[in-house]
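The values are calculated or read from the model by the stated rules, or taken from the named source; none is laboratory data. Just so it is clear, the model here is predicted, and its values are computed rather than measured. Neighbour counts are summed over all protein chains in view; Cβ atoms, including those assigned to glycine, are modelled from backbone coordinates with ideal geometry.
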Amino acid sequence: MLLQLLLVLLFIIIGARLGGIGLGVMGGVGVAVLTFIFGLEPGELPIDVMLMIAAVISAAACMQAAGGLDYMVKLAEKILRKHPQYVTILAPLVTYTFTFLAGTGHVAYSVLPVIAEVATETKIRPERPLGIAVIASQQAITASPISAAMVALLGMLAGYDITLFDILKISVPATLIGVIIGALVSMKVGKELTCDPEYLKRLKSGELNTSHVELKDVKNMFNARISVILFIGATLLIVLFGSIETLRPVFGGVRLGMPVVIEMTMLSTAAIILLVTRCDGIKAAQGSVFSAGMQAVVAIFGIAWMGDTFISGNEATLMESIQHVVTDMPWLFGVALFVMSILLYSQAATVKAIVPLGITLGISPMMLIALFPAVNGYFFIPNYPTLVAAINFDRTGTTRIGRWVLNHSFMLPGLVATIVAICAGLLMIQFY
């Protein structure tokens, strides 16, 4: 089993380095090795999760094509420029909201340059709002009702009579508390901008220009607004169906499952957006949201398949060797989630690969929900696209990767937000 585990980790590391769909295709290689060399039966394919992500991403991509994301960025800019002195608090709330509504953290790209500019103009160290803003966009993944990670967790806990609302009533306040505490801590990070040597050096050399960030103009305001309204309405409808089971019809004595509801709702929403706004479906498929989402689908396809193959093939050994440890100290499973998310670079892939092990080990569903924010660990190594983008958007040079790599601008807010969110979740499940 140890050799199999080492090979699985090796395939994950290689896939992460390849980037893009590399994680997914290396997962496929892992399944082939486990099957043909070690004789394990291929695990269950994560079909429902893949289809749910595809449906949500299709709707989000149509909203982007209609100008909905540009419209949301314009609104965010107004909020930030109206209260620039509070940018370190407002910026993470903005990126959290964007991700919560869209189900993907990649929507934060558009607002990062605005955050950097507002902070610089106000003489606030841009590292402070940018660092926590990126972390907030990750934390919101474990709170969004339509994120890939959320639908994956919901599907796994469905057999325990856990509804979407049961997860949201813990994950939303827990992650919000974590983000707010992280923002308060970030307000004291580093020297003041006017005292930072890197900023002063760039200012003296003339590297810092006074030009403003030019945001995309919203060409058709009606289309943009209606696309956002339709998408938010679909999200609320999913929460409603997930919270009140009696709204879902029964066929053959079995109530219609949430995966099917999410797929129908989001595909229908995508269609309505295209019909009402008369957007080009090809343009939607060429946008950044669709590209990032499809990469996530392929990643989950391979990684989750490999993880399920390994876990189901070694279930008895795993139960015998670590069950008593995890039973006595279930919080250790949160550490496992955090470490695997660093390797997998995906909350959804981490959920699909590791949560089945937690269920097998007998960890309670409510404990798994409380530990859910632990899958947000991919800020640990600063090479994720949103982290790199934030560093590049900061013209002052305060948002950076340190000499020792791990002492980067996102480490402190990331650890604070994640640990606080988990602690808040563990506290809340005591009352539920």
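Only one of the numbered conditions (1) closer than 21 Å to Ser110 by Cα; (2) part of a helix (DSSP H, G or I) is not met by Ser144, and that is (2).
The residues of the range 402-432 that are in contact with a helix residue (DSSP H, G or I) (Cβ under 7 Å, 6 or more places away or on another chain) and either of a type in the set (S, T, N, Q) or assigned to a loop (DSSP other than H, G, I, E, B) (or both), listed by number, are Ser409, Phe410, Thr418, Ile429, Tyr432. Looking only at the range 245-273, count every residue that is under 22 Å from the mean Cα position of the chain (by Cα) and over 12 Å from Met52 (Cα atoms) and tell me the total. Total satisfying the criteria: 2. The sole residue among Leu9, Leu69 that is within 20 Å of the chain's Cα centre (by Cα) and at pLDDT below 85 is Leu69.
Considering only residues in the range 46-55 that are hydrophobic (A, V, I, L, M, F, W, C) and at pLDDT below 85, the one that is farthest from Gly293 (Cα to Cα) turns out to be Ile47. In this structure, is Val261 of a type in the set (Val, Ile, Thr), outside any loop (DSSP other than H, G, I, E, B) and at pLDDT below 90? Yes: the conditions hold for Val261.
Just one residue in the set Ile381, Ile369, Ile401, Ile363 is surrounded by fewer than 22 Cβ atoms within 10 Å (Cβ to Cβ) and modelled with pLDDT of 85 or more; that residue is Ile363. Each residue in the range 404-425 was checked for being buried (at least 19 other Cβ atoms within 10 Å of the Cβ) and within 30 Å of Ile162 (Cα to Cα), and 9 pass.
Scanning for something modelled with pLDDT under 90, surrounded by fewer than 18 Cβ atoms within 10 Å (Cβ to Cβ) and in contact with a helix residue (DSSP H, G or I) (Cβ under 9 Å, 6 or more places away or on another chain), does the range 164-183 turn up at least one residue? Yes, the range 164-183 contains a residue that is modelled with pLDDT under 90, surrounded by fewer than 18 Cβ atoms within 10 Å (Cβ to Cβ) and in contact with a helix residue (DSSP H, G or I) (Cβ under 9 Å, 6 or more places away or on another chain). Do you know which of the residues in the range 19-43 that are modelled with pLDDT under 80 and over 30 Å from Val228 (Cα atoms) is surrounded by the fewest Cβ atoms within 10 Å (Cβ to Cβ)? Of everything passing the filter in the range 19-43, Gly19 is surrounded by the fewest Cβ atoms within 10 Å (Cβ to Cβ).
When the range 97-121 is filtered for residues that are in contact with a Leu (Cβ under 7 Å, 6 or more places away or on another chain) and more than 22 Å from Glu198 (Cβ to Cβ), the ones remaining, listed by number, are Val107, Ser110.
For the range 271-303, the set of residues classified as in contact with a Cys (Cβ under 8 Å, 6 or more places away or on another chain) and closer than 30 Å to Gly27 by Cα consists of Ala284 only.
Restrict the check to the range 133-142 and report whether at least one residue is surrounded by fewer than 24 Cβ atoms within 10 Å (Cβ to Cβ), farther than 26 Å from Ala271 by Cα and either out of contact with any Phe, Trp or Tyr (no Cβ under 6 Å at 6 or more places or on another chain) or among the aliphatic types (A, V, I, L, M) (or both). Checking the range 133-142: not a single residue is surrounded by fewer than 24 Cβ atoms within 10 Å (Cβ to Cβ), farther than 26 Å from Ala271 by Cα and either out of contact with any Phe, Trp or Tyr (no Cβ under 6 Å at 6 or more places or on another chain) or among the aliphatic types (A, V, I, L, M) (or both). On inspection, Gly131 qualifies as out of contact with any Leu (no Cβ under 6 Å at 6 or more places or on another chain) and in a helix (DSSP H, G or I).
Residues in the range 347-358 that are at pLDDT 85 or above and hydrophobic (A, V, I, L, M, F, W, C): Val351, Val355. Selection of first residues in the range 102-122 that are at positive phi and of second residues that are buried (at least 24 other Cβ atoms within 10 Å of the Cβ) and hydrophobic (A, V, I, L, M, F, W, C), restricted to Cβ pairs under 6 Å at least 6 apart or on distinct chains, gives the following pairs, ordered by first then second residue: Gly103/Val56; Gly103/Ile146.
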